[in-house]
Every structure is written in C-alpha cells, then in structure tokens.
Amino acid sequence: CAGNSIPSDYSKSKLDLYKSTDHGKTWSFVSSIASGGRPKSENGYTPVWEPFPLVADNKLIVYYSDQRDPKYGQKIVHQTSTDGINWGPVVDDVTSSLYIDRPGMPVVAQMGNGNYIMTYEECGVKNCNVAYKIGPDPENFGSATSVDLTTKDGLRPSSSPYVVWLPTGGPNGTLAVSAYGADRVLFLNTQNGEEGTWTVIKSNTEGGYSRGLVPMSDGHSLFVISGGPLGTDKTNSVTYGIVDLRGGNSDGIVTPTK
C-alpha cells in the first residue's frame, strides 16, 4: 500500500510504502519512494501525489504525479524497485509542452493481449479530460502516443480516472474506466482500447471523486467503491456496488450499499 505522508504543518509531501503479510490486519513501514515540497496542487509548488503501484517483470513499479521538475507544472513519472526498499531513477511517462498543463492521477492495468494501458487526467487547457496511453512495456509509457478518451457519441469524461480490464465481453475482454466528471456511468471498450470504440453505460453505483474499480474473480463482475464528492464542505459516506458485465456491455444488477 502506498500513500502520501503529510505532516500536520503541511510542510512537505512524501510517498511511503507499507506492507501487510496477514491480509491487511497489520501493517509495517517498508520505504519512502519519493519526497516533495508543500502539498499544494498549484503550479510553482513542488509536491508529489497520487501513487499507483503495479507489479510487472518481478519489479514493483510506482507511478505518481510529480511537481518537482521546474520545466513542468506537473508531470506523471514512475520509479521501480526489486526489493521495495531501493528505488531507481525518476522516469517520465506523461509530460506537456505547456507549463500550465497538469497531467496526473495515473492508473495502469494489463489487458488480455499483454499490452498495458495507463489512464490519467489532463488538467490545464484540456480541463482535466481523460486520456490514455497503451504499450507493451509498463516502464516505457513515455514513448507511447496519448489518446483522448472519447465515446462513439462524442462524450469525453473528465477527472480522476480509474481503469481495469476484465476477461468478459468478447475475445478481447473489456476495459472499464470510471471518471469523477462523468458521475455514475462507466466507459467500456472491447477493442483493446482502440480509439473511437468506447461506449458508456449507467453503472447504478454512487458517483464520487476517484472511485476505485476491482475486477472480481468470476471474470465478469466489477466491484465499484466510492468515497463520495470532493470538498471540505461535503458530507461523505463510503459506498460500493457490483456491476455485472457478463454477456457484453450490460448494465447488470447493482445494489449500492452504504
């Protein structure tokens, strides 16, 4: 488990890694992945944000948003480790030629064909619209082409995307993407992420900032969990529901529970 360790005086940000060997009952500190400055999501500050871990080729890869490079307001990077303690150099995954742009909130999933997909938000001139990159090497997204996620009907989701792959819905399986700006819907793709082949369904689960998606062991059910809306003036509750994607892009039967 990786998260942002921030002191009470908000003087710095630090991405820390913890581990559990008893299914989450107890946890122990492993290492610090990256350290940054004051946690303010404004250009000119130098924090690190939003770690996402992935295991590939016997390595632990942690992707995160990085404001420390003076050439960019924010960029997406990763670092790798073979022991969880010693971390390799910072590698760029997504950058923009415009300083004011803030690509962030990376999530990565492997598809059935072996390729990897990274979804992220493009804040700045693109208003946090969701984009993605696909490639065979999870350590080389920097050379992959960025694609705007757009449905066949021209709908563009925005903000805090999350992506997973399920082996249902046809020979290529199904990519499922959630986004905060699209509330309760899900975006699906059964063509290995091919541009222009995304569809949208109502998920019948609660909307929320940075919803998490977990494919279930049956291969066709998707667990969706939400922490509610973003903002200090909001009253949040954690909700979850199950979306059944069996038989294609169906809405399934969903019962959100608080």
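Quick rundown of the values:
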{"item": "Members of region 68-88 found to be farther than 18 Å from Glu121 by Cα and surrounded by 14 or more Cβ atoms within 10 Å (Cβ to Cβ), listed by number", "result": "Arg68, Asp69, Gln79, Thr80, Ser81, Gly84, Trp87"}
{"item": "Any hit, region 53-67, residues being open to solvent by 10 Å² or more (accessible area, probe 1.4 Å), touching a residue at least 40 places away in the same chain (Cβ under 8 Å) and either closer than 15 Å to Val163 by Cβ or polar (S, T, N, Q) (or both)", "result": "yes"}
{"item": "Flag for Glu206 being under 20 Å from Glu122 (Cα atoms), in a loop (DSSP other than H, G, I, E, B) and open to solvent by 40 Å² or more (accessible area, probe 1.4 Å)", "result": "no"}
{"item": "Some residue of region 198-217 being over 22 Å from Cys128 (Cβ atoms) and within 15 Å of the chain's Cα centre (by Cα)", "result": "yes"}
{"item": "Strands (runs of 3 or more DSSP E) contained entirely in region 1-117, each with at least 2 residues that are among the aliphatic types (A, V, I, L, M)", "result": "13-19, 28-36, 48-56, 59-66, 75-81, 91-94, 102-110"}
{"item": "Pairs where the first residue, in region 147-158, is within 19 Å of Asn192 (Cα to Cα) and the second is open to solvent by 70 Å² or more (accessible area, probe 1.4 Å), C-beta under 7 Å, 6+ apart", "result": "Val147/Glu195"}
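The values are calculated or read from the model by the stated rules, or taken from the named source; none is laboratory data. Just so you know, these numbers come straight off a predicted model, no measurement behind them. Cβ atoms come from the backbone with ideal geometry, glycine included; neighbour counts cover every protein chain shown. To get the accessible areas, we keep the full protein, side chains included, count just its heavy atoms, and leave off ligands, DNA and RNA. Shrake-Rupley method; radii C 1.70, N 1.55, O 1.52, S 1.80 Å.
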